[in-house]
Amino acid sequence: DSGVTQTPKHLITATGQRVTLRCSPRSGDLSVYWYQQSLDQGLQFLIQYYNGEERAKGNILERFSAQQFPDLHSELNLSSLELGDSALYFCASSELAWGTQYFGPGTRLLVL
Amino acid sequence: GIQVEQSPPDLILQEGANSTLRCNFSDSVNNLQWFHQNPWGQLINLFYIPSGTKQNGRLSATTVATERYSLLYISSSQTTDSGVYFCAVGSPNSGGGADGLTFGKGTHLIIQP
């Protein structure tokens with residue numbers, strides 16, 4: 001158990017809908033990262049937050065957004081969902097803005 | 001952006017065998033991690049090793065940053081070692097910034113009893 005928690009574990013929704021994925025980092029970690037794993041693209045970095053502020057952006061679509069709250073948990077919002085958004089979404093956390101990243105169990109999203 | 005290549009893509013071994021997995025990267029890195037993704041999809045952090053050598057039980061890893069490669073050694077393989085092994089790097093020159101990891105495509109390891 002990495003100490004990073006993600007909810008929900010599974011999510012099934014329809015095209016055009018909006019969903020919110022939640023992540024709680026390890027106790028004491030200030031950075032949260034979001035990654036997407038799909039069969040086509042492999043594991044891709046989406047976005048990083050550090051102590052409430054956006055720090056780095058990767059291959060995140062404009063339909064996706066994220067935020068980190070004062071208690072350091074983070075949410076990833078996916079809107080106008082398409083079939084191709086079906087994937088495993090991971091959250092990771094690290095103590096500082098760099099260093100070892102510890103991954104949560106993931107949220108498996110299926111868009112029908 | 002930085003490129004990460006892992007080899008071999010697939011590896012089938014008998015229980016008890018040893019193996020070496022390789023990760024080549026195309027630019028300087030300030031973060032390199034090895035992960036094991038088990039059949040349930042969990043990504044387990046094995047090593048944080050941007051340079052040098054580390055050992056943890058039957059696993060060890062070496063990164064030669066100046067030559068841009070890292071090796072993961074698995075000794076006396078067990079069936080529970082099966083899964084996909086990923087190398088991931090963070091580079092100050094990557095498009096996603098210094099802290100987002102760029103993953104290789106992984107090595108799919110199957111250990112047969």
Scanning segment B:26-42 for residues that are within 9 Å of chain A (Cβ to nearest Cβ) and modelled with pLDDT under 95, the one surrounded by the most Cβ atoms within 10 Å (Cβ to Cβ) turns out to be B:31
Screening B:111, B:49 for residues that are surrounded by 13 or more Cβ atoms within 10 Å (Cβ to Cβ), more than 17 Å from residue A:42 (Cα to Cα), β-branched (Val, Ile, Thr) and more than 14 Å from chain A (Cβ to nearest Cβ) leaves only B:111
Q) Within segment B:8-17, can one find any residue that is within 14 Å of another protein chain (Cβ to nearest Cβ) and closer than 25 Å to residue A:88 by Cα? A) yes
The one condition residue B:64 fails out of (1) in contact (Cβ under 8 Å) with a residue 60 or more places away in the chain; (2) loosely packed, with under 13 Cβ neighbours inside 10 Å is (1)
Among the residues of segment A:79-102, the number that are under 10 Å from the mean Cα position of the chain (by Cα) and either among the hydrophobic types (A, V, I, L, M, F, W, C) or at positive phi (or both) is 4
* Asked: If you go through segment A:59-67 one residue at a time, do you hit one that is closer than 25 Å to residue B:31 by Cα, of a type outside the set (A, V, I, L, M) and without any contact (Cβ under 8 Å) to a residue 24 or more places away in the chain?
  -> yes
Within segment A:64-97, of all residues that are of a type in the set (Phe, Trp, Tyr) and crowded, with 18+ Cβ neighbours inside 10 Å, the one nearest to the other protein chains (Cβ to nearest Cβ) is A:90
When every residue in segment A:56-101 that is at pLDDT below 95 and of a type in the set (Ser, Thr, Tyr) is compared, the one nearest to residue B:91 (Cα to Cα) is A:100
Of (1) part of a strand (DSSP E or B); (2) over 26 Å from residue A:1 (Cα atoms), residue A:60 fails just (1)
Among the residues of segment B:83-112, the number that are touching a strand residue (DSSP E or B) at 6+ places or on another chain (Cβ under 8 Å), modelled with pLDDT under 95 and part of a loop (DSSP other than H, G, I, E, B) is 8
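The values are calculated or read from the model by the stated rules, or taken from the named source; none is laboratory data. This is a predicted model, so every value here is computed, not measured. Ideal geometry is used to build each Cβ from the backbone, glycine not excepted, and the neighbour counts take in all protein chains shown.
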